[in-house]
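Since the structure comes first, as structure tokens, the remarks are kept for the end.
Derivation of every value follows stated rules applied to the coordinates shown; laboratory data play no part. Remember, predicted model here, so these are calculated numbers, not experimental data. Every residue, glycine among them, receives a Cβ derived from its backbone with ideal geometry; neighbour counts consider all protein chains shown.
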Amino acid sequence: MPKSLIALLVAVVCLVLALAIGIWAFLETYDDGAVDGGTTGAAEIGGSFSLTDQFGQTRVDGEFRGKLMLVYFGFTNCPDVCPFDLQKMTDALQALPAAEAAEVTPIFITVDPARDDVAAMQRYAANFHPSLVALTGDKAALDAVAKAYRVYAAPSDQGGGMSHSSIIYLMDRDGRYLTHFAQDATAADLAKTIEADL
Ligand code: NI
């Protein structure tokens, strides 16, 4: 067999292999998408809830439709991260014109139902934005909503605290996930993003 023919065969085999790997990689990606529901991951964050606010009133997620929601999970005995993030939400809303801030409902949901009863939530929420809705409920209901928002929360090793993910979620007027803010986001970052999504 001439050397040029061998070279051609090798090239063809390589091309076929490359195509096969490409198709396999594509199908893998496609499969992952299908397993996740065939949509973007973003659409899966958030979900319905029926909880009790800091005034003892039942609040359901559906009543917040038509406005954006800023949603944050934590607990009232949290030493530093929760107060910092709730203050950030407060500062962001106060940085916006009042008419725009009124288009956003800030929501705090406890991950510590054993200690965060209605009275504890009322005392705590008073430190932050006046429109803050502070929600508690039974453990099963809170676990379900935390799971829907993909929030991690568990008792921590030291001091009877809770370790939990500290992410501020921005949800749209239909209750769907828009974006989220990590620890390094500033109040100004929040305000700017909220304003762009109003
Ligand atoms: Ni916390």
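Things worth noting here:
- Cα gyration tensor category, rounded, prolate or oblate, for segment 91-197 with a/c compared to 1.5: prolate
- Computed label-point distance, nm, for sites residue 103 and residue 115 using a 7 Å Cα→Cβ extension: 3.8
- Debye log10 I(q)/I(0) for segment 42-103, one point scatterer per Cα, at q = 0.17, 0.21 Å⁻¹: -0.83, -1.18
- Burial order of peptide ranges 145-156, 78-89 (average beta-carbon count within 10 Å, highest first): 78-89, 145-156
- A full extension of the chain between residue 126 and residue 152 corresponds to an added length of 6.8 nm, given 0.36 nm per residue minus the alpha carbon distance.
- Based on the reciprocal of the average 1/r between different C-alpha atoms, the Kirkwood radius for segment 60-154 equals 13.7 Å.
- Among 100-110, 125-135, the order from most to least packed when residues are scored by Cβ within 10 Å on average: 100-110, 125-135
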